[in-house]
Amino acid sequence: MKKFLIACALLAFALPAHARERWTQSQANAWYGQQKWPVGSNYIPANAINQLEMWQAASFDPATIDKELGWAQAMGMTTMRVFLHDALWQQDAPGFKKRIDTFLGIAASHGIKPLLVLFDSCWDPNPQLGPQHPPIPGVHNSGWVQGPGAKALADPSQVPRLEGYVKDVVGSFARDNRILGWDVWNEPDNSNGNSYPDTSQARFDQVAALLPRVFDWARSADPSQPLTSGIWHHDHWESLDGLNVVEKTQLTQSDVISFHDYSWPEIFEARAKSLEAYGRPVICTEYMARGAGSTIDTVLAIGKRRNVGMINWGFVVGKTQTDLPWDSWQRPYTSRPPVVWHHELLHGDGTPYRAREIEIIKKLSAAPKNTVPALD
């Protein structure tokens, strides 16, 4: 630990003396005006069950990534939201960053600028490096892992390591124009009530204390890309009144605003509209749950008209099994498939689940910003 603390201290000295401030509204909107309309998916290769299997040296698969991102390019996608993990950096920081660079090169060759996620509070709280277990039959996202894990989150001695991870990864790519932005923490206050429930006040307090520090660490690297963390529950967000401390941090520290919504189109539009009160670009970093009323057909055009970036979950059906509904944790789909796919756009061979969805993505991606072409 002593050597690790020294390494973190040296890293801090290597970063800019003063962290940049949160972007002003003008800076954020100027940046967004220079980007293509962000449209894409939350991405993990079909042959990976979670972030660890995607990125570890033994299972990192550039050929599959290149093939699948080629499919994304063909349908007009411009971004992908991709999850990293602190344990991968702890295991082999140089190798991990080299693999990130390889991934960014592949993405850039297909015209895709990824949004990279640093931490995640969803699913299994006990990540383990090494070979990952096979998917649990019939269960949605049965192998996805939190980062940091519950033990690291609860251990104050781990803070220097987490700080080193954020500063090194963001600092190493702080001027890389292949990256769209940094999503510093996915659903930080999610208590995983459907899968690994933890509604303890202690866990919430740990996240609430760490999240603003993560924003500060990332800013200390002076990234040219924006920082964000997506707000995801409650119906309206135009006022900070009534929001918890985590949500307030997300909305007051993000350079660009992001949110998640898996509900009906009228609810999606109301939530997107409420976030316009902050005067910043808005990106929906998770949507599309067909059985819950959130579909490409009904929601994507709303995002295009309001100039909201749109990133659905997910892309190719595979080991994550997120074509299965959330309730598969209680009722695994082992004897029959779901009536409709919950998430995912493509079969494993690249053919669409619904060709109509891909046509809509292509048309909306090709249209000018704020313009919705005829979709007939």
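The values are calculated or read from the model by the stated rules, or taken from the named source; none is laboratory data. Quick caveat, the model's predicted, so the values are computed rather than measured. Virtual Cβ from ideal backbone geometry, glycine too; neighbours counted across all protein chains shown.
Here are a few things to note about the model shown:
- Helices (runs of 4 or more DSSP H) contained entirely in region 50-151, each with at least 2 residues that are over 22 Å from Asp183 (Cα atoms) and within 16 Å of the chain's Cα centre (by Cα): none
- Pairs, first more than 12 Å from Trp232 (Cβ to Cβ) and modelled with pLDDT of 95 or more in region 242-254, second of a type in the set (Gly, Ala, Ser) and assigned to a helix (DSSP H, G or I), C-beta under 7 Å, six or more apart: Val245/Ala208
- For region 132-157, a residue qualifies if it is free of Cβ contacts under 8 Å to residues at least 60 places away in the same chain and surrounded by fewer than 19 Cβ atoms within 10 Å (Cβ to Cβ), and the qualifying residues are Ala150, Lys151, Ala154, Asp155, Pro156.
- Contact map, region 190-218: residues that are touching a residue at least 12 places away in the same chain (Cβ under 8 Å) and closer than 24 Å to Asp261 by Cβ paired with residues that are assigned to a helix (DSSP H, G or I) and aromatic (Phe, Trp, Tyr), Cβ distance under 7 Å, separation 6+ or inter-chain. Pairs shown: Asn194/Trp326; Asn194/Trp329; Ser195/Trp329.
- Residues of region 265-317 that are under 22 Å from Asp255 (Cβ atoms), in a loop (DSSP other than H, G, I, E, B) and aromatic (Phe, Trp, Tyr): Tyr287 alone.
- Selection of region 51-73 for residues being in contact (Cβ under 8 Å) with a residue 60 or more places away in the chain and over 20 Å from Lys98 (Cβ atoms) yields Lys67, Glu68, Trp71, Ala72.
- Qualifying residue in region 210-219 (condition: surrounded by 15 or more Cβ atoms within 10 Å (Cβ to Cβ) and in contact with an Asp or Glu (Cβ under 6 Å, 6 or more places away or on another chain)): yes
- Of all residues in region 347-366, those that are under 21 Å from Gly309 (Cα atoms), of a type in the set (A, V, I, L, M) and out of contact with any helix residue (DSSP H, G or I) (no Cβ under 6 Å at 6 or more places or on another chain) total 3.
- Tally, over region 202-252, of residues that are in a helix (DSSP H, G or I) and more than 19 Å from Asn126 (Cα to Cα): 20
- Every residue from region 320-355 that is of a type in the set (Ser, Thr, Tyr), surrounded by 15 or more Cβ atoms within 10 Å (Cβ to Cβ) and more than 22 Å from Asp66 (Cα to Cα): Ser328, Tyr333
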